[in-house]
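Scroll down for the structure; my scribbles are underneath it.
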Amino acid sequence: MPQKLAVYPGTFDPVTNGHLDIVHRGLRLFDRLIVAIVTNGSKHPLFTVDERLDMLRHALKGVPNVEVDSFDGLLVDYVSQQGADAILRGLRAVSDFEYEFQMALMNRKLNKNIQTVFLMTGLRWIFISSSIIKEAACFGGDTTGLVPEYVHDRLKEKYGRSTAC
Ligand code: COA
């Protein structure tokens, strides 16, 4: 039987428990997932690509059928190079919808064979984003329980060395 493969793209600066929730939900629908860091986004990430890959690999260690990767260029090109069937995205609130809708339609225009699948993030994670985690961590707030422990420690390390929030 052909295996269903999806790519879950994002900046993951850093990965949060909300992202991991989407990975676990996605694994109920797909046989395999590639969690892919997009390196050519318009954002100015705090963590390098290698650091983000390391945190994702750490967070997903031992989870079967998940790979971690990074790419630059068009998402749909990467998805078809990987032989994947779909793009997986998480939705937290209505505010995510407009941007996600626009992206999904643009991606469909660029490659009509690739479907975007949206999954609702668990309620516990609905208010978190990588930026809000970084802001809290930078001002000394406790992010325990919102990110994996390993990420929590990397955030402390990063902000321990810098005073700029
Ligand atoms: N839990 C917690 N936070 C979540 C989340 C979840 N389930 N899902 C999304 N988020 C947060 C992210 O942490 C991120 O937070 P931040 O803005 O504070 O950093 C925010 O929501 C946006 O999510 P992210 O997945 O990082 O999306 P993005 O907008 O950075 O990524 C790309 C968009 C990279 C997937 C998109 O720009 C892309 O595909 N680029 C490649 C180029 C391309 O093909 N462009 C044409 C596409 S139209």
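The values are calculated or read from the model by the stated rules, or taken from the named source; none is laboratory data. Just so you know, these numbers come straight off a predicted model, no measurement behind them. Here the Cβ positions follow ideal geometry from the backbone for every residue, glycine too, while neighbour counts run over all protein chains shown.
Among the residues of the stretch 145-165, those identified as modelled with pLDDT under 95 and either outside any helix (DSSP H, G or I) or in contact with a strand residue (DSSP E or B) (Cβ under 9 Å, 6 or more places away or on another chain) (or both) are Arg161, Ser162, Thr163, Ala164, Cys165.
In the set (1) at pLDDT 95 or above; (2) under 21 Å from Cys165 (Cβ atoms), Thr116 fails one condition alone, (2).
Just to verify a result, which residue in the stretch 22-64, among those that are in a helix (DSSP H, G or I) and among the aliphatic types (A, V, I, L, M), is nearest to Ser80 (Cα to Cα)?
Across the stretch 22-64, the extreme among qualifying residues is Val23.
Of all residues in the stretch 65-99, those satisfying the criterion of being over 17 Å from the mean Cα position of the chain (by Cα) and either in a helix (DSSP H, G or I) or not small (Gly, Ala, Ser) (or both) are Asp77, Ser80, Gln81, Gln82, Asp85, Val94, Ser95, Glu98. Each residue in the stretch 1-15 was checked for being crowded, with 18+ Cβ neighbours inside 10 Å, over 17 Å from Glu100 (Cβ atoms) and either within 13 Å of the ligand (Cβ to nearest atom) or without any contact (Cβ under 8 Å) to a residue 24 or more places away in the chain (or both), and 3 pass. Residue-level analysis places Asp142 outside the set of residues that are surrounded by fewer than 16 Cβ atoms within 10 Å (Cβ to Cβ), assigned to a helix (DSSP H, G or I) and without any contact (Cβ under 8 Å) to a residue 40 or more places away in the chain. For the stretch 91-137, filtered to residues that are within 7 Å of the ligand (Cβ to nearest atom) and touching a residue at least 40 places away in the same chain (Cβ under 8 Å), the residue that is surrounded by the fewest Cβ atoms within 10 Å (Cβ to Cβ) is Ser129. Just name the residue that is nearest to Leu105 (Cα to Cα) out of those in the stretch 73-90 that are surrounded by fewer than 17 Cβ atoms within 10 Å (Cβ to Cβ) and more than 8 Å from the ligand (Cβ to nearest atom). For the stretch 73-90, the residue satisfying everything is Ser80.
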